[in-house]
Amino acid sequence: MSKKTQSTEGAMVEYVTAMIGGQLFGLPISRVQDVFMPERVTRVPLASREIAGVLNLRGRIVTVVDMRARLGLPKPEDGKTAMAVGVDLRGESYGLLIDQIGEVLRLPEDSKEENPVNLDPRMAKLAGGVHRLDGQLMVVLDVDRVLELAPEMMAA
């Protein structure tokens, strides 16, 4: 019984949720620096389509990654302004463009499952597991995997 108490109290993980192309994603809150509305994104010549550009966020140059392009999804047709989740990797700042930010979810760490075999391969390569919520699957984004192509793309 003490193990159950420990799993419900001790091993909880918080996620910032985001919608991208109608799919629910979760980013570990420990990796999220901020959430913002990207303004004046400057396109980078010769960068891949996954790099939306760069912007100045409170004096820092932030590389903006288009998560729809990263996941192989079409551009949104609703005309809504994208939001961005700020993350850091090895001292560099990135903004992940998303469709919509959600709430912070606190979930038991042991409820995270491996990627299902039928998960879209484009999502599976960026996912660090899934949580099954009430009637919905939340794909946990592995921030390191999302950004691992960024240095190569920036060098182009």
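The values are calculated or read from the model by the stated rules, or taken from the named source; none is laboratory data. Note that this is a predicted model, so its numbers are computed, not measured. With ideal geometry, Cβ positions are generated from the backbone for all residues, glycine too; neighbour counts draw on all protein chains shown. These accessible areas exclude ligands, DNA and RNA; they are computed on the full protein's heavy atoms, side chains included. Shrake-Rupley method; radii C 1.70, N 1.55, O 1.52, S 1.80 Å.
Listing for the model above:
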| read-out | value |
| --- | --- |
| Selection status of Leu96, open to solvent by less than 70 Å² (accessible area, probe 1.4 Å), of a type outside the set (Val, Ile, Thr), at pLDDT below 95 and within 14 Å of Leu147 (Cα to Cα) | no |
| Selected residue [of a type in the set (A, V, I, L, M, F, W, C) and within 27 Å of Glu39 (Cβ to Cβ)] from Leu119, Leu147 | Leu147 |
| Gly72 vs. criteria open to solvent by less than 40 Å² (accessible area, probe 1.4 Å) and either without any contact (Cβ under 8 Å) to a residue 40 or more places away in the chain or at positive phi (or both) | yes |
| Sole residue being open to solvent by 20 Å² or more (accessible area, probe 1.4 Å), touching a residue at least 12 places away in the same chain (Cβ under 8 Å) and farther than 23 Å from Ile29 by Cβ, chosen from Pro121, Pro116 | Pro116 |
| Residue in the stretch 139-152 that is of a type in the set (D, E, K, R), modelled with pLDDT under 95 and assigned to a strand (DSSP E or B) present | no |
| Meets criteria (open to solvent by 40 Å² or more (accessible area, probe 1.4 Å), among the β-branched types (Val, Ile, Thr) and over 13 Å from the mean Cα position of the chain (by Cα)) for Ile101 | no |
| Answer from Val65, Val54 - the residue that is within 23 Å of Met37 (Cα to Cα), under 13 Å from the mean Cα position of the chain (by Cα), in a strand (DSSP E or B) and of a type in the set (A, V, I, L, M) | Val65 |
| Among the candidates Gly95, Gly86, residue that is under 15 Å from the mean Cα position of the chain (by Cα) and closer than 12 Å to Glu39 by Cβ | Gly95 |
| Some residue of the stretch 77-86 being open to solvent by 90 Å² or more (accessible area, probe 1.4 Å) and either closer than 20 Å to Met123 by Cα or acidic (Asp, Glu) (or both) | yes |
| Residue match in the stretch 72-83 (condition: modelled with pLDDT under 90, more than 15 Å from the chain's Cα centre (by Cα) and not in a loop (DSSP other than H, G, I, E, B)) | no |
